Amino acid sequence: MAYYEVNVPMRSPAGNSGVHVFTGLAADPATALRLAQQTYRAAHEAQQAGRTVPGKRPDGWGACGYRPGWQLDWRAATTTLWKDLHGWPRGSAFRLA
């Protein structure tokens, strides 16, 4: 298992653009992309049902920056090994064996 980063271009209804970054543990890039999509879908469904967006799971995946109404371009998503550019600790839950 490795810690991956999935960068997904997104656009708001007003035409603003950005990138939603998902991170978490996965066996390979394809699995990381699938987990990011599942995480986003869970956040969207929770928001639509009036529930709180789920927090970060023990494997690191979460959608804390979920923005209702923004469209994500999953076809343009990129998946790479996560690069710790800021020295942020991942905590004991994310230590790799």
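How high is the relative contact order of the chain, in percent, counting Cα pairs under 8 Å that sit 6 or more residues apart?
Averaging sequence separation for qualifying contacts and normalising by length gives 37 percent for the chain.
Separation between the residue 73 and residue 17 pseudo-spin-labels, each 7 Å from Cα along Cα→Cβ, expressed in nm?
0.5
With angles folded into 0 to 90 degrees, how steeply does helix 29-48 sit against the dominant principal axis of the chain? Use alpha carbons for both and round to 10.
The angle comes out at about 40 degrees.
Can you pull the three principal axis extents for the Cα set of the chain, in Å, largest first?
Ordered largest first, the chain gives principal extents of 42, 28, 25 Å.
Using a probe of 1.4 angstrom, how much of the accessible area of the chain is carbon and sulfur, in percent? Before the final figure, lay out each step's value.
Numbers: 3280 of 6140 Å².
The computed percentage sits at 53.
The values are calculated or read from the model by the stated rules, or taken from the named source; none is laboratory data. Just so we're clear, the structure is a prediction, and the values are computed from it rather than from any experiment. Glycine gets a Cβ as well: all are built from the backbone with ideal geometry, and neighbour counts include every protein chain shown. We work out accessible area using only protein heavy atoms, side chains counted, and drop any ligands, DNA or RNA first. Shrake-Rupley method; radii C 1.70, N 1.55, O 1.52, S 1.80 Å.
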